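J.: Mind looking over this structure? Questions follow.
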Amino acid sequence: MLDNWATSFGMWERAKQSLGGGVSSGLRLAMKPHPLYFDRANGSKMWDVDGHVYTDYVLGWGPVILGHCDPDVTSAVQRQVQTAVTFGAQHPLEYLVAEKVLSHLKFAERLLYSNTGSEAVQIAIRLARAVTGRYKILKFIGHYHGWSDQILVSYRPSPHNSSVHGESTGQSSKAYEDVLVVHWNDISEVERIFQEHASELAAVIAEPVLGNSGVIEPIDGFLGRLRELASRYGAVLIFDEVITGYRIGISGASQRYGVSPDLVTLGKAIANGFPLSVVAGRAEIVDQVYKQGVVHAGSFNGNPVVLAACLATLNKLEQPHVFTSIDDRTRQLQTGLREIFRRNRIPATVNAVTGMVQLLPGVESSVDYRDYAKVNWEMYNELTVLLLSEGQFVMPGGRLYVSLSHTVEDISETLQAFERSVSKIANKT
Ligand SMILES: Cc1ncc(COP(=O)(O)O)c(C=O)c1O
């Protein structure tokens, strides 16, 4: 049993004197009992500064699809670092990676590089507005598309607030006055919005699997209906696959559900932990960056080190067994968790798609964000600390990411740790 994180706590106290909140991304402050410090990661494991080893289900909040320090990615990066770190000019990896990414997206002819998912979403929205000459964007409540002022809305509203809701103090409401929101999987509301705003709607943006609020798949026909409505009313359909791209499959959700968007945003797992994002789509839309004056820029765009990491990652993800193996481990975890909660008589929903599992203690089913908001988060947070003590590193918010490095034994050990932790909670209540 692990029982303390004193060195981590001391480091966090020190960091707070120089770094806002002592963390590099605000969401990491939600980690219980406090943010931990790590000094090494390999495969499915991470080692913290107090000498504990964990099986990692955070995986960098999604990017580490192959496992930490994949040897092929590491060698590709090492070779590139010795050659050149940046050019500020063109180099062959730019088109080699672009060709590879596009070869897996049948609807896309061109792409643009950026560094983070937030940036990719920014340019996707700008392209959609430029090509339609319209400004309104329809998004779904509980979906996250990055932290920019224009789209950080209605991500964590109070459960019954279905009006547009900014998420950050200091955020300009003018930036999101063109955003409309509806609940995920509510097709009649989507139809109403399309009818009411037919001539104003530039785009509808969605995580095709609602990864950020419950790993909730689209109900049958939902994505297809979005496609039909967007085409009928001349709006751009954007799939934000920053989580699902390269996690649920090499061609992401568009292939899994058989629905092609006009634009897709990709990030996280695309380079196994190196910062790269992409927006891809039809040439007519993407080429506006040089034909129609759409501004897209960035000093680090197309960075050769990051593209070398991406190429090595995608080469590996193309191997046939990869996603079957990730899916098998995912299902092992999902099935085991369902059993554990059932045996301990705690109501819970356990959702999963390839590479990610979502635990929702306290709710019996999930269709949209309102179900996610009903989760017993106090119980879940208590569970995360018990799991840390058992050498299991999990995220706040109930999502567990699975990588190619996770073995059958890793998952079995994790399930045993869950069994002990959940039964402790069950015996208290
Ligand atoms: C679906 C989705 N889109 C966009 C983003 C923003 O990506 P980034 O954190 O790289 O800016 C995220 C981040 O979690 C995401 O989950």
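Only the coordinates and a few stated rules stand behind these numbers; no lab work does. Note that the structure is predicted; figures quoted are calculated from it, not measured. Virtual Cβ from ideal backbone geometry, glycine too; neighbours counted across all protein chains shown.
J.: If you filter region 352-429 for GluC sites (Glu not before Pro), then keep DSSP loop positions with at most 11 other Cβ within 10 Å, what is left? Don't jump to the answer; show the numbers that get you there.
T.: Working: sites: E364, E378, E382, E390, E409, E413, E419; in loops: E364, E390.
Qualifying residues, ordered by number: E364.
J.: A further question on this structure: As a test of the definition: which semi-axes, in Å, follow for region 71-317 when you take the square root of five times each eigenvalue of its alpha carbon gyration tensor? Largest first, please.
T.: On the way: eigenvalues 188, 68, 62 Å².
Listed largest to smallest, the semi-axes of region 71-317 are 31, 18, 18 Å.
J.: Here is a follow-up. Report Rg/Rh for the chain, rounded to two decimals, where Rg is the Cα radius of gyration and Rh the Kirkwood radius.
T.: Working: Rg = 21.4 Å, Rh = 22.3 Å.
Ratio of gyration radius to Kirkwood radius for the chain: 0.96.
J.: If you don't mind, there's one more thing I want to ask. Need the list of lysines near K139 for cross-linking: C-alpha distance under 27 angstrom, and skip anything on the same chain fewer than eight residues off.
T.: Excluding near neighbours in sequence, the set is K106, K174, K268, K374.
J.: May I ask you to list the aspartates and glutamates whose Cα is less than 12 Å away from that of K316, ignoring any residue fewer than eight positions away on the same chain?
T.: Cross-link targets: D70, D72.
J.: Using Cα pairs closer than 8 Å and at least 6 residues apart in sequence, work out the relative contact order for region 71-317, in percent.
T.: Details: 460 pairs, mean separation 76.0, N = 247.
Here the relative contact order equals 31 percent.
J.: With a ≥ b ≥ c taken as the square roots of the eigenvalues of the C-alpha gyration tensor of region 115-211, please select rounded if a/c is under 1.5 and otherwise prolate if a/b is larger than b/c or oblate if it is not? Mind dumping the intermediate values first?
T.: Details: a/c = 1.36, a/b = 1.03, b/c = 1.33.
Cα axes put region 115-211 in the rounded bin.
J.: Taking the convex hull of the alpha carbon atoms in region 272-389, what volume per residue do you get, in Å³?
T.: Numbers: hull volume 24.2 nm³, N = 118.
Convex hull of Cα atoms, per residue: 205 Å³.
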